[in-house]
1. Within the chain, what is the longest stretch that has no trypsin sites (Lys or Arg not before Pro) placed in a DSSP loop and near at most 13 other beta-carbon atoms within 10 Å?
2. Below 21 Å Cα-Cα, how many Lys pairs turn up in the stretch 7-223? Only count pairs eight or more apart in sequence, or on different chains, if you could.
3. Read phi for every residue in the stretch 157-167 and hand back ³J(HN,Hα) as whole Hz from Karplus 6.51 cos²θ - 1.76 cosθ + 1.60, θ = phi - 60°, with x for Gly and Pro.
4. Placing +1 on the Cβ of each Lys and Arg and -1 on the Cβ of each Asp and Glu in the stretch 94-180, which of Gly104, Met173, Thr142 has its Cα farthest towards the positive end of the resulting dipole?
5. Determine the shape class of the chain: with a ≥ b ≥ c the square roots of the Cα gyration tensor eigenvalues, call it rounded for a/c under 1.5, and otherwise prolate if a/b is greater than b/c, oblate otherwise.
Amino acid sequence: MTAMAKLTFYGHACFSLEQGDTTLLFDPFLTGNPAVERYPAELKPTVVLVTHAHGDHIGDAVRIAKDTGACLVSIPETARYAASQGVANVAAGNMGGSISFDFGFVKFVPAWHSSSLGEEHLSVGNPCGFVVKFFNHVVYHTGDTCVFGDMKIIAELTPIDVALIPIGGYYTMDIPEAVKAVELIQPKIAIPMHYGTWPVIEQDPEKFKAEVEKRTKTRCIILRPGASWDIPSSL
Ligand code: NI
Ligand code: MN
């Protein structure tokens with residue numbers, strides 16, 4: 001029997017990717033996330049990936065990494081902050097670089113945004129996106145970003161199976177930008193994220209899906225917070 005990878009959406013930009021004993025957790029904004037109804041206490045991530053230090057992304061990452069011993073992966077400034085808060089296992093990479101793991105690799109790619117910490121919003125390095133080879137599939141979590149032409153190069157270098165794309169606008173891409181991002185990345189599957197958490201980023205994911213499926217060959221899957229999707233081995 002072939003093992004299958006499972007992708008779960010926890011709302012906002014938080015996803016887990018699980019196969020066998022390996023669990024990756026992206027941007028675990030759980031405490032205070034209005035979209036999270038139930039804290040997934042059963043999650044025992046092996047790797048926690050943080051795209052940037054804004055509270056709605058670093059979220060519970062430090063506590064989860066400390067509780068589980070998971071490796072926290074981020075840009076040096078954010079990884080160093082996590083280490084200063086007691087995370088023993090950090091891996092800091094930077095744009096264009098990859099870190100190898102048993103499941104594949106995590107590659108750092110640019111994201112056009114900012115990254116700051118705490119109430120004072122002190123700037124801490126750059127934000128990023130992650131291209132993750134997870135066993136037989138490639139998942140691109142873009143982080144918070146606008147659309148940019150180099151998404152095409154990112155996807156040429158590592159063809160993307162599943163792209164996680166913000167559509168909420170205001171802080172990130174809105175729907176027209178997100179559809180253009182899908183045109184550039186040409187993933188097999190696009191999943192919208194970073195919308196609906198607060199009124200300011202309210203968007204209709206069905207509009208995104210309709211536009212994507214009209215303009216591209218990509219299929220769009222809308223996951224409600226708490227929902228999982230088994231990535232087919234054949235994808
Ligand atoms: Ni942000
Ligand atoms: Mn954000």
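1. No qualifying site falls inside 39-216, the longest such stretch.
2. The result is 23.
3. Those phi angles translate into 5, 9, x, 9, 7, 10, 10, 9, 10, x, 10 Hz.
4. Gly104
5. Rounded.
Laboratory data are not the source of any read-out in this text; all were calculated from the coordinates shown. This one's a predicted model, so the numbers in the text were calculated from it and none came from an experiment. Neighbour counts run over all protein chains shown; Cβ positions are idealised from the backbone, glycine included.
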